[in-house]
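Report on the structure given below.
The values are calculated or read from the model by the stated rules, or taken from the named source; none is laboratory data. Note that the coordinates shown come from a computational prediction; the quantities given were computed from them, not determined experimentally. With ideal geometry, Cβ positions are generated from the backbone for all residues, glycine too; neighbour counts draw on all protein chains shown. All accessible areas refer to the heavy atoms of the entire protein, side chains included, with ligands and DNA or RNA removed. Shrake-Rupley method; radii C 1.70, N 1.55, O 1.52, S 1.80 Å.
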Amino acid sequence: MHRQRTTFSARMNRVFTHRANRVSKAIERQGIRATYELHDRVLSNRTSRGRYGDAPPELDAVQEGILAEVREQGYALRSFSDLFPDPDDWRALEEQRDRFIASTEADLAAGGEHVRVRPGKEFVVRLQSYGVELGRDDPWFKAVSSRRMLDVANAYLEMWSKLEYVDVWYSVPQPRAAERISSQRWHRDYNDKHLLKVFLYLVDVDEDMGPFQYVAGSQPGGQYADVWGWQPLGQNYPTEEELEARIPAEAVQTYTGPAGTLLFCNTAGFHRGGFSTTKPRVLATATYSSPASLASLTVRSYTYAGGLEELDASARFALT
């Protein structure tokens, strides 16, 4: 991984001026871009690909269908019950959702001092954010760390993946006249081209609630992969007008749907969401990436709180 406990730019900042710090950050970004392909082809991902190749997972028909669609178009849409038919699994998620909504709305009504948001993305309140301990007693973590999900992620990436990020989001409604900001705009995730992200709608989501949108075929290897193509640390945020000029309208998929809608997609492709103007959009999300992910920028959001002895080898690799 590319994790750096003390970055070059931070060390230089102690000595040199603000201008030198900007230069050092540029040098650091160039270095990360240069080493990403090396980590992907030779270092970080080589062992992971070998482990996957030694014992690829056996997928059932549901998993195979998801895999085929994500490979072809960059996304696949299912219901949570397709992968997890036990009603207790969904009931536990509903209970987690209801507690989260109640606490979030109470905090927002009191001024929002205790809600978990990230600078620049204040429209999203997070249940967990970063630095939490998670185990199988958390219903969403239990689902995304299960072999039902991990096997799909590993098969899509064709290597043992890392479960990098797990959380539940509450999108705060915005004024209709507000401008889209941050991830509400079209963008590619820049930390890895080997990505599988999962979104689970926990409430019914309509056109006015910031439904997730995706450009089918914009994932690496897809028909529109070269349109502002993915690169490590890429900063491609085209305007809506710029994207419409280069991408046909029929390629843009908008995912409205009932609670329980489950979406798999490679977010190295163009996507956006979260611009709700009516009711809160509440969803659970998780990210699977390769070991070569730019971990200097994307550190795992949680620490696994369970016992390692209860995990098989691929799950232990994903969670630790």
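Observations
- Charges were assigned to the Cβ only: +1 to each Lys and Arg, -1 to each Asp and Glu. The resulting dipole of the chain about its Cα centre is roughly 1820 debye.
- Per residue of the chain, the DSSP helices (runs of n ≥ 4 H) give a summed -39500 (n - 2.57) that works out to -10500 deg cm²/dmol at 222 nm.
- Highest GNM mean-square fluctuation among VAL132, VAL205, VAL124, for the chain modelled with Cα contacts below 10 Å: VAL132.
- Charge dipole of the chain about the Cα centre (unit charges at C-beta), most positive-ward option of GLY217, ILE101, GLY111: GLY111
- Rounded to the nearest Hz, the phi-derived 3J(HN,Hα) couplings of segment 279-288 under the Karplus curve 6.51 cos²θ - 1.76 cosθ + 1.60 (θ = phi - 60°) are 10, x, 8, 10, 8, 9, 9, 8, 10, 10, where x marks glycine and proline.
- Amide H contacts for VAL203 (H built 1.01 Å from N in the peptide plane; partners 5 or more residues away or on another chain; cut-off under 5 Å): GLY260, VAL282.
- Farthest towards the positive end of the charge dipole of the chain, among the residues VAL227, PHE264, SER276, is the Cα of VAL227, using unit charges on the Cβ of Lys, Arg, Asp and Glu.
- Between segment 193-211 and segment 251-320, the alpha-carbon center distance in angstrom: 10 Å
- Each residue, GLU58 and ALA177, gets one label point 7 Å from its Cα in the Cβ direction; the gap between the two is 6.2 nm.
- Summing charges over neighbours of LYS142, with a neighbour being any other residue whose Cβ is under 10 Å away from its Cβ, gives -2 when K and R count +1 and D and E count -1.
- Amide H contacts of THR278 (H built 1.01 Å from N, in plane; Pro and chain starts excluded): GLN174 sit under 5 Å, all sequence-distant by 5 or more or on other chains.
- Antiparallel DSSP beta bridges within the chain, percent to nearest 5: 95 percent
- Among TYR75, ALA143, TYR130 the positive-end extreme of the charge dipole of segment 75-156 (Cβ point charges): TYR75
- Most mobile of VAL62, VAL203, VAL144 in a GNM of the chain (Cα contacts under 10 Å): VAL62
- Summary value for segment 63-155: 25 percent relative contact order, contacts being C-alpha pairs under 8 angstrom separated by 6+ residues.
- Accessible area of ASP204 in the full protein assembly, 1.4 Å probe (Å², nearest 10): 100 Å²
- Dividing the mean sequence gap of close Cα pairs (under 8 Å, 6+ apart) by how many residues the chain holds gives a relative contact order of 29 percent.
- Most to least accessible of GLU164, GLU158 (protein chains only, probe 1.4 Å): GLU158, GLU164
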